[in-house]
Structures are given as structure tokens and as C-alpha cells.
Amino acid sequence: MIENKVAIITGAAGGIGYACARRFIEEGAKVVLSDIEEERGIAATQKLDDSGEKAHFIHCDVSKSREIESLFVKAREKFGRVDVAIANAGIVHVADILELEEEAFDQVISVNLKGVFLTGQIAARHMIGQEPDEDGSRGIIINMSSLNGVLAIPEIAPYVISKGGVNQWTKCLGIAMANRGIRVNGIGPGSIATELFQTIADSPDKYRSVLSRTPMLRPGEPDEVAKVAVFLASNYSSYMTGETIYVDGGRMGLNYVVPVD
């Protein structure tokens with residue numbers, strides 16, 4: 001499906017980003033892992049491939065366009081081209097909506113929305129100049145959104161706002177690139193068993209609350225999101241662009257809570 005493709009994944013030191021990197025390598029791709037946490041990112045990369053032939057780490061702060069541009073230049077120097085860009089880096093800030101500080105709001109928007117915008121824009125600029133592959137594709141851009149791009153939680157308002165913006169950016173860039181050989185789609189995870197989710201799982205009441213609004217009665221695994229990323233990066237999704245796929249255990253369609261034993 002994605003054998004020999006080259007992918008850049010931001011926020012890849014852990015969680016969903018790392019799961020995507022691992023799955024892509026297992027499917028035969030080469031991956032540039034990127035993260036602001038350099039030590040952790042290097043360790044993650046070496047865990048996947050200590051030879052440097054299939055995985056390579058490049059530090060990047062996605063809130064800065066010059067660092068993203070450098071990321072793509074270095075990735076092309078390493079592997080020759082970039083076929084897939086997954087804009088996954090993101091942060092969350094919890095606060096009462098009336099006590100939310102401007103600085104915290106700006107920080108979340110800078111990483112989650114501006115960072116995804118810049119990653120997609122710079123990726124598209126690089127991909128447009130590439131020769132198309134055997135499927136006629138010059139590149140694939142995948143934006144990591146969230147269920148909260150549609151469903152609101154006031155305590156994480158900046159996160160919710162940023163992900164709603166990511167959904168619209170996915171549509172805008174998807175339409176703009178539709179006749180240029182570049183497809184753009186998004187993934188909206190629900191409750192996924194990452195390190196962040198573990199902070200919720202440690203509280204029985206909060207964990208039950210999450211399950212009560214998840215029809216499949218379990219959190220998703222990071223690899224279940226990664227498999228969708230593989231689908232979107234492959235020719236199997238060749239007639240899709242501007243769409244966001246929700247990997248949420250049925251939560252998006254639920255208008256009531258379900259009993260949890």
C-alpha cells in the first residue's frame with residue numbers, strides 16, 4: 001500500500017504520532033520523525049530503526065515556519081522526496097473558560113492550528129514540484145484533528161477551537177490541491193489510549209464517564225488510528241480529499257450515554 005513512500009510525521013516522539021511512524025515502517029515506508037522533544041524523539045526513532053535507513057529524526061517546532069521549511073529540506077536531502085506529510089503535533093490546555101489566559105490560548109492555537117496550517121502549506125509547496133509516483137500522486141497530506149473539532153468541551157476551549165479550524169483547513173487545502181496531484185484528508189480520533197488518556201484512566205469516575213459516551217465501551221489504540229493513516233496515504237483512498245475520518249468507537253453518532261458496569 002505505501003511501500004517505499006517517504007513520510008514526515010510531526011509530534012512523533014510518542015502517542016499517535018509514534019504509532020503512525022511504527023505502522024508506516026512496518027508497511028515498507030521510510031519515515032522522518034519530528035518533534036520538539038529532541039531527546040525523546042531520538043530515542044523513539046532509534047527504537048524503530050537504529051540503522052537510520054528507514055527512520056530518521058529531525059527536531060522541529062511547528063509553530064515556526066522556518067523550522068518546518070528546514071524539516072522538509074532535510075527530509076528530502078535524507079530520502080530524496082516526501083510523499084506523505086502527517087501534521088500530528090498538538091497540545092492541550094485545561095482551564096475554566098472564564099479564567100483562560102490569553103497566553104495559554106495563543107500557545108495552543110500556535111501549535112495546533114497555525115502549526116498544521118504551516119505544515120500543510122509548506123508540504124504542498126514541496127510536493128507540487130515533485131514528479132508524480134506510479135499512482136499519479138505528487139503527495140498526500142494528513143491532518144490530525146479530533147472528535148473535539150465537532151463536539152465541544154468548554155474546559156479545553158482552545159483545543160476545541162483549534163481542531164475545528166483544522167477541519168476547515170483540511171477542506172480548504174484539499175480543494176485547492178485537488179487538481180494538482182495532492183490529496184489532503186484528516187483523522188479525528190476519539191478517546192485513544194495514549195499517555196494523555198492515562199491521566200484520565202487513572203481516575204475511575206472519569207474513565208467510566210468516557211466509556212459511557214463510547215458505544216464500543218473501550219478506548220481506541222494508537223495503532224487503530226495509524227492504520228487509518230496508512231489507508232489515507234495509500235491509493236486505496238485515491239478519490240478522497242478534504243475529508244475527515246472519525247476514529248471514535250461510535251461516539252460521534254451517540255446522543256445519549258450508555259450504561260457501564
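Remarks
- Residues of the stretch 128-142 that turn out to be in contact with a strand residue (DSSP E or B) (Cβ under 8 Å, 6 or more places away or on another chain) and without any contact (Cβ under 8 Å) to a residue 60 or more places away in the chain, as a count: 5
- Selection status of Leu118, touching a Gly at 6+ places or on another chain (Cβ under 6 Å) and of a type in the set (A, V, I, L, M, F, W, C): no
- Every test in (1) among the basic types (Lys, Arg); (2) without any contact (Cβ under 8 Å) to a residue 60 or more places away in the chain; (3) surrounded by fewer than 20 Cβ atoms within 10 Å (Cβ to Cβ) is passed by Lys171 save one, and that test is (2).
- Criterion violated by Gly28 - all others in (1) in contact with a helix residue (DSSP H, G or I) (Cβ under 6 Å, 6 or more places away or on another chain); (2) within 19 Å of Ile142 (Cα to Cα); (3) of a type outside the set (Asp, Glu) satisfied: (1)
- Screening the stretch 15-28 for residues that are hydrophobic (A, V, I, L, M, F, W, C) and surrounded by 24 or more Cβ atoms within 10 Å (Cβ to Cβ) and picking the one that is nearest to Ala226 (Cα to Cα) gives Cys20.
- Here Arg40 meets the list (1) over 19 Å from Arg22 (Cα atoms); (2) basic (Lys, Arg); (3) surrounded by fewer than 16 Cβ atoms within 10 Å (Cβ to Cβ) almost entirely, failing just condition (1).
- Residue match in the stretch 187-203 (condition: modelled with pLDDT under 95, surrounded by fewer than 20 Cβ atoms within 10 Å (Cβ to Cβ) and over 19 Å from Ile91 (Cα atoms)): yes
- Filtered residues of the stretch 177-220 (kept if within 30 Å of Val82 (Cβ to Cβ), touching a residue at least 60 places away in the same chain (Cβ under 8 Å) and of a type outside the set (A, V, I, L, M)): Asn185, Gly188, Pro189, Gly190, Thr194, Glu195
- Screening Ala19, Ala13, Ala7 for residues that are closer than 26 Å to Gly220 by Cβ, in a helix (DSSP H, G or I) and either within 14 Å of the chain's Cα centre (by Cα) or of a type outside the set (D, E, K, R) (or both) leaves exactly one candidate, Ala19.
- Every residue from the stretch 199-255 that is part of a helix (DSSP H, G or I), acidic (Asp, Glu) and over 22 Å from Cys20 (Cβ atoms): Asp205
- Selection within the stretch 146-160 - closer than 15 Å to Glu102 by Cα and crowded, with 18+ Cβ neighbours inside 10 Å: Ile156, Ala157, Pro158, Tyr159
The values are calculated or read from the model by the stated rules, or taken from the named source; none is laboratory data. Treat the numbers as computed from the prediction; the structure is a model and nothing was measured. All Cβ positions, glycine included, derive from the backbone under ideal geometry; neighbour counts span all protein chains shown.
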